[in-house]
1. Scan segment A:51-74 and report the pairs whose first residue is near DNA strand D (Cβ under 7 Å from one of its atoms) and whose second residue is of a type in the set (Lys, Arg) and open to solvent by 30 Å² or more (accessible area, probe 1.4 Å), with Cβ atoms within less than 8 Å and a gap of 6+ or a chain change.
2. Name the single residue that is surrounded by the fewest Cβ atoms within 10 Å (Cβ to Cβ) among those in segment A:51-60 being small (Gly, Ala, Ser) and farther than 21 Å from residue A:138 by Cβ.
3. Being near DNA strand C (Cβ under 10 Å from one of its atoms) and of a type in the set (Ser, Thr, Tyr) is true for just one of A:67, A:98. Which residue is that?
4. If you take just the helices (runs of 4 or more DSSP H) that sit entirely in segment A:61-142, which of them hold at least 1 residues that are facing chain B (nearest Cβ under 8 Å) and buried (at least 17 other Cβ atoms within 10 Å of the Cβ)?
5. Tally time: how many residues in segment A:13-23 are assigned to a helix (DSSP H, G or I) and either basic (Lys, Arg) or open to solvent by 30 Å² or more (accessible area, probe 1.4 Å) (or both)?
6. Do we find a residue being farther than 28 Å from residue B:18 by Cα and polar (S, T, N, Q) anywhere in segment B:108-124?
7. Could you tell me whether any residue of segment B:39-48 is away from DNA strand D (no atom under 12 Å from the Cβ), in a loop (DSSP other than H, G, I, E, B) and either of a type in the set (Gly, Ala, Ser) or touching a helix residue (DSSP H, G or I) at 6+ places or on another chain (Cβ under 8 Å) (or both)?
Protein chains: 2
Amino acid sequence: MPSPDTVFDAHQSLGYAIKRAQQALRLRMDRQLKELGLTAPQYNVLCSLDAEPGASNARLARRAFVTPQTMQSMLVKLERAGLIERSPDAEHGRIQRTQLTEAGQDTLTKAHRCVHETEVIARNAASPDAAEMLLRVAEALS
Amino acid sequence: MPSPDTVFDAHQSLGYAIKRAQQALRLRMDRQLKELGLTAPQYNVLCSLDAEPGASNARLARRAFVTPQTMQSMLVKLERAGLIERSPDAEHGRIQRTQLTEAGQDTLTKAHRCVHETEVIARNAASPDAAEMLLRVAEALS
DNA sequence: GTTCTATTATCAGGCAACTGATATAGTATA
DNA sequence: TATACTATATCAGTTGCCTGATAATAGAAC
C-alpha cells in the first residue's frame, strides 16, 4: 500500500479517521485470510452460518446489514468454493436453507486463528470503550 | 437498510464495530451527496484536488491510500462528469495534471455543507479523542 | 550509449457493495 | 374468492476497491 507524501489538512475529521481504520483493518484481514482463499466479508458470512445454521439468504443479509442481492452473490461464490451448501426448505417453497459443509467448518476454524491476531493488535491500540463508542456512532448515523 | 432480528454474539469485536461505523457513515454520506451526483469517495478526491491543484493521478492515489488504478477509474468518471480536467505536464511527458473545473469547485462547495452535518452527528456520538485514537489503530494495523 | 530502475498512466479481470426490476410463495384483507 | 401486501430469491447494471500486466518517460549506473 502506498503512503502519502504529506499530511492532508482536511483529514482531521472523524469521518476520515473511521474510514482509515476500517481500510487498514480490511487490508490486514484480507492479507491474512488470502492463504485460506477467503476474503473478510466471506469470513463474516461463515461466522454467521456457524452461529445460525440453516439461515436463509434474507436472514444473513439482515445480519450483515447488506442487501439480499449482495448476500446472494457472496453465497453463490461460497457455494462454488464448496464451503457451504444450500437446499430448499421443506415447508416454505421459496426459502433456501444454507449450511456450512465440512470443508467450510474446517476453513472457519483456521480463519478464526488468523483473525484473532488482528483483533488483538487493534484492541491494544484502541481505548477500552472503543467498540461500544463506535457502535453508538453507527447508531447515530443510521 | 435492513436491521437484524437479533443481536449477534460474535459481533462484540472491535473489528465489527469499526466496520459498522464506517458502513453507516458511508451510507449517510452517499445519501446526502446523491442529489449532487457525487459519491463519498468522489467527494474525497475533489477535496484533495482543492487542497493541491494540479496533482497527478499517482499523487492523489497516495493521498487517498488507494492504488493508482483505483484513482484512475475515479478520475475518468469525474472528468466525464465535467468536474475536473486533466492535461499533460509541460515538462514531464508522462504526468497528467488534474484540476477542478468551475463546475467542480461549485459542486465541492455545496458538498462541504452536506458533509459537515454528518460529521457533527458523528462527533456528538463519539468520545472527544475518537479521531486520534482511530488513526492510532489504523497505524497499528498497517 | 545502453541498460537498469523508479515513476507514471492505463488496460483487464475480480470482489463486494449498491439500486432497480422480476418472479414466486405465503398471508392478510376487502 | 380475489386482491393486495410482505417476504424471499435472483437477474442485470454501476461504483469503488483490489491484483496483475503493459507501456512510456526520466534519471542513474555501467
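1. Every condition considered, the pairs that remain are A:56/A:97.
2. Quick first cut of segment A:51-60, residues small (Gly, Ala, Ser) only: A:51, A:54-56, A:58.
Still in the running and farther than 21 Å from residue A:138 by Cβ: A:54-56, A:58.
Values: A:54: 12, A:55: 20, A:56: 20, A:58: 16.
For segment A:51-60, the residue satisfying everything is A:54.
3. Numbers: A:98 fails: near DNA strand C (Cβ under 10 Å from one of its atoms).
Residue meeting the stated conditions: A:67.
4. Details: elements: A:68-80, A:102-125, A:130-141.
In segment A:61-142, A:102-125, A:130-141 are the helices (runs of 4 or more DSSP H) which contain 1 or more residues that are facing chain B (nearest Cβ under 8 Å) and buried (at least 17 other Cβ atoms within 10 Å of the Cβ).
5. Let us first name the residues in segment A:13-23 that are assigned to a helix (DSSP H, G or I), namely A:14-23.
So of that shortlist, the ones also either basic (Lys, Arg) or open to solvent by 30 Å² or more (accessible area, probe 1.4 Å) (or both) come out as A:16, A:19-20, A:22-23.
The total comes to 5.
6. There is at least one residue in segment B:108-124 that is farther than 28 Å from residue B:18 by Cα and polar (S, T, N, Q).
7. Residues of segment B:39-48 away from DNA strand D (no atom under 12 Å from the Cβ): B:47.
Add one more test, that the residue is in a loop (DSSP other than H, G, I, E, B), and what stays is none.
For segment B:39-48, residues away from DNA strand D (no atom under 12 Å from the Cβ), in a loop (DSSP other than H, G, I, E, B) and either of a type in the set (Gly, Ala, Ser) or touching a helix residue (DSSP H, G or I) at 6+ places or on another chain (Cβ under 8 Å) (or both): absent.
The rows are residues; the columns are (1) on the phi > 0 side of the Ramachandran plot; (2) in contact with a Lys or Arg (Cβ under 8 Å, 6 or more places away or on another chain); (3) surrounded by fewer than 20 Cβ atoms within 10 Å (Cβ to Cβ).
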residue	(1), (2), (3)
B:25	no, yes, no
B:28	no, no, no
B:32	no, no, yes
B:38	no, no, no
B:43	no, no, no
B:49	no, no, no
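The values are calculated or read from the model by the stated rules, or taken from the named source; none is laboratory data. A quick note: this is a predicted structure, and the numbers were derived from the prediction, not measured. Cβ atoms come from the backbone with ideal geometry, glycine included; neighbour counts cover every protein chain shown. For the accessible areas, the whole protein counts, side chains as well, though only heavy atoms, and no ligand, DNA or RNA atoms are used. Shrake-Rupley method; radii C 1.70, N 1.55, O 1.52, S 1.80 Å.
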